[in-house]
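Novice: Quick one: this structure, given as C-alpha cells, is what I'll be asking you about.
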Amino acid sequence: MNLKEKVAYLVGLAEGLNLEESKEAKLLNNIIDVLQDFAEAVQELDELYNELEEYLGAIDTDLEDLETDYYETDEDETDFFEFQCPNCNETVYLDESLMDEEIFCPNCHNKIDFVDDEEL
Ligand SMILES: [Zn+2]
C-alpha cells in the first residue's frame with residue numbers, strides 16, 4: 001500500500017466508526033484531512049523527483065558522450081608529430097596522415113624532405 005492508499009484506508013475506518021458530531025470526531029476528521037494533504041504532497045514530490053532523476057540520467061549520458069568525443073579528439077591530436085625544419089630550424093607540427101605527401105614548412109615555405117630529416 002502506498003501512502004495515499006493507507007490514508008484512504010484510515011478514512012474508511014473512521015467512516016466505519018459512525019462517529020457522532022463530537023469534538024473528538026472533528027479532531028479525527030481534521031487529522032485525516034491533513035494526512036490526505038501530506039500524502040498528496042509526498043506523491044507530487046515523488047513524481048517530481050522521478051522526473052529529475054530521469055533528466056539527470058539523460059544529462060549524465062550526454063556528458064559521457066561528450067567525454068568520449070573529447071578523448072577521441074584528444075587521441076587524434078597525438079597523430080600530430082613534431083619536427084624541426086632543416087631550413088629555418090623552426091619547430092613545426094604536422095598531421096601524420098600528410099607524411100606521404102609533399103610537405104612545405106609553414107614557417108619558411110621550403111619543401112621538407114623527411115629522408116634528410118631522419119638522417120640528421
Ligand atoms: Zn622552415
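Quick note: the coordinates plus some simple rules give every number you see, no bench work behind them. Fair warning: this is a prediction, and the values are worked out from it, not measured in the lab. No Cβ is skipped: glycine too gets one built from the backbone with ideal geometry, and neighbour counts run over all protein chains shown.
Novice: Within 10 Å, count the other beta carbons around each residue, average over each peptide in 29-36, 14-21, and list them highest first.
Specialist: Values: 29-36: 13.6, 14-21: 9.5.
Result, highest mean first: 29-36, 14-21.
Novice: Moving on to the next point. If the convex hull of the alpha-carbon atoms of the chain is projected onto planes in all directions, what is the mean projected area in square nanometres? Before the final figure, lay out the partial values.
Specialist: On the way: hull surface 57.0 nm².
So the Cα hull casts an average projection of 14.2 nm².
Novice: Convert each backbone phi in the stretch 55-63 into a coupling constant with the Karplus relation 6.51 cos²θ - 1.76 cosθ + 1.60 (shift: θ = phi - 60°), then list the ³J(HN,Hα) values in order as whole Hz, x for Gly and Pro.
Specialist: After applying 6.51 cos²θ - 1.76 cosθ + 1.60, I find 4, 4, x, 5, 4, 4, 5, 4, 5 Hz.
Novice: Same structure again: In deg cm²/dmol, rounded to 500, what helix-only [θ] at 222 nm does the chain give when every DSSP H run of at least 4 residues adds -39500 (n - 2.57) and the total is split over its residues?
Specialist: On the way: 3 runs with 75 residues, N = 120.
Value at 222 nm, helices only: -22000 deg cm²/dmol.
Novice: Students often get this wrong: which residues of the stretch 1-35 have the backbone nitrogen under 16 Å from the point 7 angstrom along Cα-to-C-beta of residue 45?
Specialist: Within reach of a label on residue 45: 3-4, 34-35.
Novice: Sort 54-65, 81-92 by the packing proxy (mean of other Cβ within 10 Å over each peptide's residues), most packed first.
Specialist: On the way: 54-65: 10.0, 81-92: 13.2.
Ranked by mean Cβ neighbours within 10 Å, highest first: 81-92, 54-65.
Novice: How large is the convex hull of the C-alpha atoms of the stretch 1-63 per residue, in Å³? Could the numbers behind the result be given before it?
Specialist: Values: hull volume 3.6 nm³, N = 63.
It comes to 58 Å³ per residue, whole-number rounded.
Novice: Can you work out the PRE-style zone for residue 14? Point 7 Å along Cα to Cβ, and I want the residues of the stretch 35-59 with backbone N under 13 Å.
Specialist: Counting backbone N atoms under 13 Å from the label point, the list is 35-39.
Novice: Separate question: Once fully extended, how much extra length lies between residue 88 and residue 53, figured as 0.36 nm per residue of separation less the alpha-carbon to alpha-carbon distance? Working shown, then result.
Specialist: On the way: separation 35, 0.36 × 35 = 12.60 nm, distance 5.87 nm.
Fully extending the segment from residue 88 to residue 53 adds 6.7 nm.
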